[in-house]
1. Being surrounded by 15 or more Cβ atoms within 10 Å (Cβ to Cβ) and either under 28 Å from Pro225 (Cα atoms) or touching a residue at least 60 places away in the same chain (Cβ under 8 Å) (or both) is true for just one of Asp258, Asp324, Asp277, Asp286. Which residue is that?
2. Select the helices (runs of 4 or more DSSP H) contained entirely in the stretch 266-352, then report the ones holding at least 3 residues which are at pLDDT below 95.
3. With the requirement that a residue be in a loop (DSSP other than H, G, I, E, B) and more than 26 Å from the chain's Cα centre (by Cα), what does the stretch 231-254 give you?
4. So if I check each of Ala305, Ala329, which one is under 14 Å from Ala72 (Cα atoms) and either buried (at least 20 other Cβ atoms within 10 Å of the Cβ) or not assigned by TED's automatic domain parsing to the domain that holds Trp231 (or both)?
5. Could you run through the stretch 261-274 and say how many residues are crowded, with 20+ Cβ neighbours inside 10 Å and under 22 Å from the mean Cα position of the chain (by Cα)?
6. Residue by residue through the stretch 199-209, note down the ones that are crowded, with 17+ Cβ neighbours inside 10 Å, more than 15 Å from Asp167 (Cβ to Cβ) and out of contact with any Asp or Glu (no Cβ under 8 Å at 6 or more places or on another chain).
7. In the stretch 196-203, is there at least one residue being assigned by TED's automatic domain parsing to the domain that holds Tyr139, β-branched (Val, Ile, Thr) and part of a helix (DSSP H, G or I)?
Amino acid sequence: MMHSSLKQLSFTGIKKSLTKLTAASAITLATLSTTGLSSTAQAASMPGDGVEVTPIFPPIAEERFRGEIAIAGLEALGYEVDEPKETEYATMMLALSYGDADFSVHLWDILHDSFYQKAGGDDTMVKAGNMIPGVLQGYLIDKKTAEKHNIRYLTDLQKPEIAKLFDANGDGKADLTGCNPGWGCELVINHHLEAYDLEKTVEHNQGSYFALMADTITRYNEGQPVLYFTWVPQWIAGVLVEDKDVVWLEVPHTDLPDGNNDVNTSFKGKNLGFAVDQVKSVMNKDFAEENPAAAKLLSLVQITAGDESAQNLKMQNGEKSITDIKRHAKEWISAHQAKFDGWLEQARAAAK
């Protein structure tokens, strides 16, 4: 028979052991519970965790800034964003349609509509949001020549004596600094030259747009007349300033290649001949449906034409490396932090 003191000792030991086990179990349960809550919280804040995303952009450095803002938002949601693919607009739409890329922020809604429709349109892609509203295109000449010769309309260039003012190579035709093949704007310009009876007096100079514009700006600085196509946003509007250095030319009536002449082509009471457009975020449809957080974010991300023009001018002044562009995007986000954070909050809510 066990001595009573020994029995008491044994019962005490058992009781202590049970107490330790109970405490350990409680700690384990608490740890598991905390871990579960932590994982849930992380999943809610990073809905894109583990998902790889492939952007596709045009090979125009001046349009990379907006893409970097979108990329920063996706990364803040946990997405792993690959280095963007680069190609021209028509091919970009095909890549998005076939799932070779997931998103872009470079679709001009009206200008690039034929590219979008031919690649599959709404059946394979989603126009997620308005990246830049109110973008313009048109023809400009230097203000001094416009006022001296009373030039207001593109069709004034039908007159050989007016066209000759802008002749840079001695062939008697006005030299129009135009649009790169593959951008879409070249199709409108070529159509205009035919529609407004300008083929005999105006030469559409194409090649490397920004190199051609560098020559155009040099001619302007030398006091020579200049005629060029451009769009806003971009840095040229900050170098050759509207109504100070240059003026928009009007067209007598809207005449577009697709025959859709009811679109708005007017700016400040002038018919510029090009649709007042908006740059859209566009996504592969399957990717958008599988990633509601990304789709919501890209429906919200937006900058102004002025934002991009100001950033482009920094590039023209020497800050043009990809490191510079990424820094510009971070600076823009810091300056608009509350708005950016609001986009992320709404994107996270869409994933629940």
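The values are calculated or read from the model by the stated rules, or taken from the named source; none is laboratory data. Quick caveat: nothing in here was measured; it's all calculated off a predicted structure. Neighbour counts run over all protein chains shown; Cβ positions are idealised from the backbone, glycine included.
1. Working: Asp258 fails: surrounded by 15 or more Cβ atoms within 10 Å (Cβ to Cβ); Asp324 fails: either under 28 Å from Pro225 (Cα atoms) or touching a residue at least 60 places away in the same chain (Cβ under 8 Å) (or both); Asp286 fails: surrounded by 15 or more Cβ atoms within 10 Å (Cβ to Cβ).
Unique residue meeting the criteria: Asp277.
2. Answer list for the stretch 266-352: 305-316.
3. Of the stretch 231-254, the ones in a loop (DSSP other than H, G, I, E, B) are 233-235, 240-241, 243-245, 249, 251-254.
Of everything in the stretch 231-254, those that are in a loop (DSSP other than H, G, I, E, B) and more than 26 Å from the chain's Cα centre (by Cα) turn out to be Asp243, Lys244, Asp245, Leu249, Val251, Pro252, His253, Thr254.
4. Numbers: Ala305 fails: under 14 Å from Ala72 (Cα atoms).
Being under 14 Å from Ala72 (Cα atoms) and either buried (at least 20 other Cβ atoms within 10 Å of the Cβ) or not assigned by TED's automatic domain parsing to the domain that holds Trp231 (or both) holds for just one of Ala305, Ala329, which is Ala329.
5. Residues of the stretch 261-274 that are crowded, with 20+ Cβ neighbours inside 10 Å, as a first pass: 265, 272-274.
Add one more test, that the residue is under 22 Å from the mean Cα position of the chain (by Cα), and what stays is 265, 274.
Adding up the residues that qualify gives 2.
6. Of the residues in the stretch 199-209, the ones crowded, with 17+ Cβ neighbours inside 10 Å are 201-206, 209.
Checking the rest, the ones that are also more than 15 Å from Asp167 (Cβ to Cβ) come to 206, 209.
Residue satisfying the conditions is Tyr209 alone.
7. Quick first cut of the stretch 196-203, residues assigned by TED's automatic domain parsing to the domain that holds Tyr139 only: 196-203.
Adding the requirement that they be β-branched (Val, Ile, Thr) leaves 201-202.
Right, trim to part of a helix (DSSP H, G or I) and you get none.
No, the stretch 196-203 has no match at all.
Residue-wise test of (1) in contact with a strand residue (DSSP E or B) (Cβ under 7 Å, 6 or more places away or on another chain); (2) outside the structural domain of Glu242 (by TED's automatic domain parsing); (3) at pLDDT 95 or above.
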{"residue": "Tyr98", "(1), (2), (3)": "no, yes, yes"}
{"residue": "Asp102", "(1), (2), (3)": "yes, yes, yes"}
{"residue": "Phe115", "(1), (2), (3)": "no, yes, yes"}
{"residue": "Ile151", "(1), (2), (3)": "yes, no, yes"}
{"residue": "Asp156", "(1), (2), (3)": "no, no, yes"}
